[in-house]
Amino acid sequence: GPRSFTGEDCAELHVHGGPAVVSGVLRALGRLPGLRPADPGEFTRRAFHGGKLDLTAAEGLGDLIRAETEAQRRQALRQMEGELGRLYQRWSETLTQALAHLEAYIDFSEDDNVEEGVLSQAGFSPRWGLGTRSPRSARGDCGSVPTVDVTVRALEQEIRAHLRDGRRGELLRGGVHAVIAGPPNVGKSSLLNLLCQRPAAIVSPVAGTTRDVVEVALDIGGYPLVLSDTAGLRQATDPVEQEGVTRARDRLGRADLVLAVLDATAVSPEPAGLGAALAALNPPPDTPCVLVLNKADLLRGDTGSLRDTCTRAPPETPATLLSCKTGAGLERLLEVLARQLARLCGDPLLGWPSLTQSRHSQHLGACAAALARYGRGGHGDLGLAAEQLRLARRELGRITGHVGAEDVLDIIFRDFCVGK
């Protein structure tokens with residue numbers, strides 16, 4: 001220490017051999033007094049308590065351990081290196097400076113130690129509720145110093161812009177949930193098997209074979225995709241199939257991306273026909289869709305007009321021809337999926353670091369709400385205004401672990417692997 005991962009003195013044993021040798025060394029170490037195996041996440045928790053990491057960096061390390069795709073690795077590595085923590089720390093320092101101006105005026109404005117100009121820095125007039133003291137003349141020119149009011153307005157806008165990221169970081173961390181939806185017997189289960197390259201779902205010419213949701217995790221272009229095959233959407237009479245359709249509708253309503261599968265032989269090649277067929281599935285509004293026209297092999301080469309229509313489809317609702325039987329069109333579908341995933345998740349190396357945890361969103365939302373309650377215009381109470389800045393700063397501190405971290409430590413570190 002202090003240059004170790006945890007900041008403490010430590011020793012590393014590099015052991016040659018197989019599992020039996022490692023087990024023998026561990027048994028020998030276990031006989032030494034005071035030694036015990038580390039708990040899951042204990043080393044990272046010690047690094048946090050030793051000031052080597054903040055909570056956002058510790059969460060980034062946990063995401064890096066669990067990363068399964070290249071984009072997930074890049075995002076986790078960026079967070080582990082402290083970019084997100086530095087952003088929140090800068091915001092916290094801005095709030096601290098603004099709060100210092102307010103509290104200095106509240107505590108010392110009647111003395112000669114604080115000039116009236118501090119109040120103008122805070123953006124307030126002496127009409128605020130500060131008792132019956134008469135205002136003094138400002139001494140010194142503070143016009144070049146940004147007012148606290150302007151600073152708080154700018155910070156609130158910056159935080160709200162950070163919150164409006166379309167859940168990119170969360171989608172990349174947990175995977176984009178895509179649902180394969182469509183009428184019965186159009187090849188939804190065949191599409192799932194084709195994409196994951198294994199018989200994950202039962203395929204049968206009998207309509208209504210799929211009853212429950214079948215889910216697989218895939219890596220498409222470096223982005224994580226959680227793909228769900230669902231029951232065919234129709235008015236079912238069988239009680240079991242009815243339950244399957246209900247589950248399909250429920251999963252469709254919560255999807256981040258919809259793969260709408262239709263029978264290419266039953267769809268009009270006109271753009272209006274594609275739009276009507278997609279609308280019949282009733283996908284959730286504002287949810288991106290990819291229209292997959294399956295069974296292209298049954299068109300017997302008469303695919304020109306339908307292929308042209310797919311080419312002219314709008315970028316927000318791309319369409320592609322596919323034959324799950326022959327695999328023709330799979331490469332084109334994968335390209336379309338990769339573009340949709342990149343649009344949903346963004347590039348983890350560009351721009352601000354993304355929000356990756358729901359707790360970050362909750363605390364930032366509370367911070368922005370406190371800043372919105374902060375008084376503007378000179379008709380409030382300085383003490384209440386300062387309290388809103390304190391609340392906002394406390395919410396930021398809870399993200400990085402500088403304030404009130406104990407209640408979230410167990411949640412953050414419990415999923416770490418033993419020894420990390």
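Taking the criterion of being of a type outside the set (S, T, Y) and within 21 Å of H177 (Cβ to Cβ), would at least one residue in segment 272-279 satisfy it? Yes, that holds for at least one residue.
Report whether or not P184 is modelled with pLDDT of 85 or more, of a type outside the set (D, E), surrounded by fewer than 20 Cβ atoms within 10 Å (Cβ to Cβ) and part of a loop (DSSP other than H, G, I, E, B). I'd like the intermediate steps shown before the answer.
Working: modelled with pLDDT of 85 or more: yes; of a type outside the set (D, E): yes; surrounded by fewer than 20 Cβ atoms within 10 Å (Cβ to Cβ): yes; part of a loop (DSSP other than H, G, I, E, B): yes.
It is true that P184 is modelled with pLDDT of 85 or more, of a type outside the set (D, E), surrounded by fewer than 20 Cβ atoms within 10 Å (Cβ to Cβ) and part of a loop (DSSP other than H, G, I, E, B).
Residues that are open to solvent by 20 Å² or more (accessible area, probe 1.4 Å) and among the aliphatic types (A, V, I, L, M) occur at least once in segment 257-271. Note on segment 364-397: among residues that are under 17 Å from H162 (Cα atoms) and in contact with a Gly (Cβ under 9 Å, 6 or more places away or on another chain), the one that is most open to solvent (accessible area, probe 1.4 Å) is E395.
Inspect segment 24-41 for any residue being among the charged types (D, E, K, R), open to solvent by less than 90 Å² (accessible area, probe 1.4 Å) and within 33 Å of the chain's Cα centre (by Cα) and give the result as yes or no. Yes, there is a match, as at least one residue in segment 24-41 is among the charged types (D, E, K, R), open to solvent by less than 90 Å² (accessible area, probe 1.4 Å) and within 33 Å of the chain's Cα centre (by Cα).
Please tell me if L371 is in a helix (DSSP H, G or I) and not charged (D, E, K, R). Yes.
Those helices (runs of 4 or more DSSP H) of segment 14-95 in which at least 2 residues are among the aliphatic types (A, V, I, L, M), considering only elements entirely within it, cover 19-30, 55-66, 70-80.
The values are calculated or read from the model by the stated rules, or taken from the named source; none is laboratory data. Computed from a prediction, not measured in an experiment: that's the story for all the values here. As a convention, Cβ positions derive from the backbone with ideal geometry for all residues, glycine included, and neighbour counts pool all protein chains shown. With ligands, DNA and RNA removed, areas are computed over all heavy atoms of the protein, side chains included. Shrake-Rupley method; radii C 1.70, N 1.55, O 1.52, S 1.80 Å.
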